[in-house]
Amino acid sequence: MLKRIFLFCLIATLTACSDSDKPEKIWEHATDGALAAAISQDASLALVSSSFNDLILWDLKTNAQKYRWAQGKENLVLFTAISDNNKYAVSAEKDAFVVWDIETGKSLTYSKVRESTIRDIAIANNGDLLIGKVNGVVVHVNIFSGRRIEFLGHGEKINSVAISPNGRYALSGSSDYTALFWDTQTAQVIHRFVHPTRVTKVALDTTGKYAFSAGSQRQSSIWDLKTGKEVSRLQYQSRSRVFSAVRFSNDSKQLFTGSPGRVLNRWQTSSGIELEEWKVTPRKDSRPVSSVIYAIGETKSGTLVTESSSGFAEFWKIGSSR
């Protein structure tokens, strides 16, 4: 009996003392929760839209507000993105978007979309903008030259878009069960990635090696952009897995995903094997206890940064979760 009591106490003590799956630090960026967020490629900036109609660009090195922006009357910004070179940021409501100059803090353009509403948005280093719409059209436009094309390769609603850093290539995921990798100069499809269900999330590796596409059920794949072949498929037990944020690691050897259920995961690119899992912090007294991960970043030192609907920026040490 004494041995059993001692063992129970030892387990309880070890469990209580093990905080390795907790964030290294946590900063509040939206006091009443966030509607959308983006983190820059180098994890030095975060653009956060809050339910108080604030749109704030945060310095993730100092936790200082760099700019506070306003977009229209309602300012219900639901989509945000930052170019890989930290020159431009874009924020979008359902029917309008603003591109911001990060160096000056000034808006470069405000534009309404036609015929349909926005589902996702991305921006390249040269000011090329990619807009995925509910009507199945993806619009590619350069904010400086005004050059514009409409990509009509999908037959149904666009759910997610990604653009290469130089603006030359795009990846779009649709409810038509496909993710298409295409040339933004010619609108020609280079690779077609087919899923058994609607494609809900896509991402591009900034080195140009890989693409990621996730269906609404079971299949979440990493693809070789040179050959168009599947490299790996994420290995998880559940029948379905929904991702709200995706990012390849700086060296392309890993993939980071965030979900609407607070879960942050690290995967091996070559095998699709899950390497690590954490859970982001919900707001106190939130019902139900949950949080949507909107964005993931990786610092040069290998620390992960997340922004979530709870309004928190959280920093995670790779290799620290149980």
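The values are calculated or read from the model by the stated rules, or taken from the named source; none is laboratory data. Here the structure is a predicted model, which means the values were calculated and not measured. Positions of Cβ are backbone-derived with ideal geometry, glycine not excepted, and every protein chain shown enters the neighbour counts.
Okay, here's what the table says:
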item: Checklist (1) part of a loop (DSSP other than H, G, I, E, B); (2) within 28 Å of ALA187 (Cβ to Cβ); (3) touching a residue at least 12 places away in the same chain (Cβ under 8 Å); (4) not hydrophobic (A, V, I, L, M, F, W, C) applied to GLN71, failing item; result: (2)
item: Tally of residues being touching a Leu at 6+ places or on another chain (Cβ under 9 Å) and among the basic types (Lys, Arg) across segment 179-204; result: 1
item: Candidate set from segment 288-310 (those that are assigned to a loop (DSSP other than H, G, I, E, B) and within 15 Å of the chain's Cα centre (by Cα)); member that is nearest to ASP205 (Cα to Cα); result: VAL292
item: In segment 146-165, the residues that are surrounded by fewer than 18 Cβ atoms within 10 Å (Cβ to Cβ) and touching an Asp or Glu at 6+ places or on another chain (Cβ under 7 Å); result: GLY155, GLU156
item: Residue match in segment 5-14 (condition: buried (at least 16 other Cβ atoms within 10 Å of the Cβ) and at pLDDT below 80); result: no
item: Which numbered condition ASN85 misses (of (1) at pLDDT 95 or above; (2) assigned to a strand (DSSP E or B)); result: (2)
item: Positions within segment 298-318 being of a type outside the set (Val, Ile, Thr), over 19 Å from LEU55 (Cα atoms) and touching a strand residue (DSSP E or B) at 6+ places or on another chain (Cβ under 7 Å), in sequence order; result: GLU298, LEU304, PHE315, TRP316, LYS317
item: Subset of segment 154-196 [of a type in the set (Lys, Arg) and under 23 Å from LYS87 (Cβ atoms)]; result: ARG168
